[in-house]
Amino acid sequence: MTEHSRYGDDVGVVTVTYFSEDTIERFLDTLEKATEREVKVVVADNASVEGALERVTAGRQNVQLLTIGENVGYGAAANRGVAELDERYGWVVVVNPDLEWEPGSLDALLEVAGRWPRGGAFGPLIHDLEGTVYPSARLLPSLGRGIGHAVFAKVWPGNPWTKQYRQESATPVERVAGWLSGSCQLFRREAFDSVGGFDTRYFMYFEDVDLGDRLAKAGWLNVYAPSSRVTHEGGHSTAQASKKMLAAHHASAYRYLADRHQGLAWKPVLAAVKLGLALRLKLETR
């Protein structure tokens, strides 16, 4: 890690849209109250109703619409959005468009970042519309923990593997996590750059787990910052394609484990994992 970053101290916000016309306006409105700083927003659009995002972003001085023109996936679109920001922007938020900022929440995240010089990624407390806190700061899915969670999460929600993985029993406190939910993260851009951003082989799901793992391996910390709070509607873009999304989730889970367990000795274990995931997908989509 370098002592002097090549980046300035400005804040950029990148949000990836996929038919998100009915949430993006609220997202942009609440962002204005989330910080006293001037931020630049890049809306990286994978797909939308023609003209809808242009109407929402027109007249907003700080918002740039980046039309990608095809669905390249979440991580790839986020990387393209970050690449639009010049060197003044040393802090980058990558965030879902179906999220509402609480007043001062972005400033609260930046305040936490100031206390953790080795922090590479920072995640707020995320809750749903009912106020239920989402377990957004988790342990990395080891093979044992990952299989236990994958097999039993739906049929036995209180199983020990899921409980340990989700890390949700304790009162939310500022701490280091294995990975943070990709629905809202503040990155030190130097850290994001040092690992090449998101791995674009993950079309959707696990790109945040993978990034958290690679940041940690590069010597950065993933810091949970519950003093910052946001509301996530969740599942907005994915509701229309649930079977496809489940298949993508299982493919990404397998990729994550296969990447980290290479060599002949792991082949039979990974074959069993692949079979188990295929069976689970069949059960969940029948």
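The values are calculated or read from the model by the stated rules, or taken from the named source; none is laboratory data. Just so it is clear, the model here is predicted, and its values are computed rather than measured. Using ideal geometry, Cβ is built from the backbone for each residue, glycine included, and neighbour counts are taken over all protein chains shown. These area figures cover heavy atoms from the full protein model, side chains too; ligands, DNA and RNA do not enter into them. Shrake-Rupley method; radii C 1.70, N 1.55, O 1.52, S 1.80 Å.
Applying the selection to the range 214-249, what residues are at pLDDT 80 or above, assigned to a loop (DSSP other than H, G, I, E, B) and either at positive phi or touching an Asp or Glu at 6+ places or on another chain (Cβ under 7 Å) (or both)? Of everything in the range 214-249, those that are at pLDDT 80 or above, assigned to a loop (DSSP other than H, G, I, E, B) and either at positive phi or touching an Asp or Glu at 6+ places or on another chain (Cβ under 7 Å) (or both) turn out to be 219, 233. Report yes if residue 9 is under 14 Å from residue 92 (Cβ atoms), open to solvent by 40 Å² or more (accessible area, probe 1.4 Å) and modelled with pLDDT of 95 or more, otherwise no. So residue 9 fits the description; yes.
Those helices (runs of 4 or more DSSP H) of the range 1-99 in which 3 or more residues are closer than 30 Å to residue 249 by Cα occupy 21-32, 74-83. Filtered by the rule that a residue be touching a residue at least 12 places away in the same chain (Cβ under 8 Å) and open to solvent by 10 Å² or more (accessible area, probe 1.4 Å), the range 102-114 gives 102, 103, 104, 107, 108, 110, 111.
Any residue that is more than 13 Å from residue 225 (Cβ to Cβ) and in contact with a Phe, Trp or Tyr (Cβ under 9 Å, 6 or more places away or on another chain) - is there at least one of those in the range 122-134? Lay out the reasoning, then the answer.
Residues of the range 122-134 more than 13 Å from residue 225 (Cβ to Cβ): 127-134.
Adding the requirement that they be in contact with a Phe, Trp or Tyr (Cβ under 9 Å, 6 or more places away or on another chain) leaves 127-128.
Yes: the range 122-134 contains one or more residues that are more than 13 Å from residue 225 (Cβ to Cβ) and in contact with a Phe, Trp or Tyr (Cβ under 9 Å, 6 or more places away or on another chain).
Is it the case, given these coordinates, that residue 47 is open to solvent by 10 Å² or more (accessible area, probe 1.4 Å), in contact with a Phe, Trp or Tyr (Cβ under 6 Å, 6 or more places away or on another chain) and among the aliphatic types (A, V, I, L, M)? Taking the combined requirement at face value, the residue satisfies it. Consider residue 269 carefully, then state whether it is open to solvent by 30 Å² or more (accessible area, probe 1.4 Å), modelled with pLDDT under 80 and β-branched (Val, Ile, Thr). In short, yes. Scanning the range 191-209 for residues that are assigned to a helix (DSSP H, G or I), open to solvent by 40 Å² or more (accessible area, probe 1.4 Å) and touching a residue at least 40 places away in the same chain (Cβ under 8 Å) yields a count of 1.
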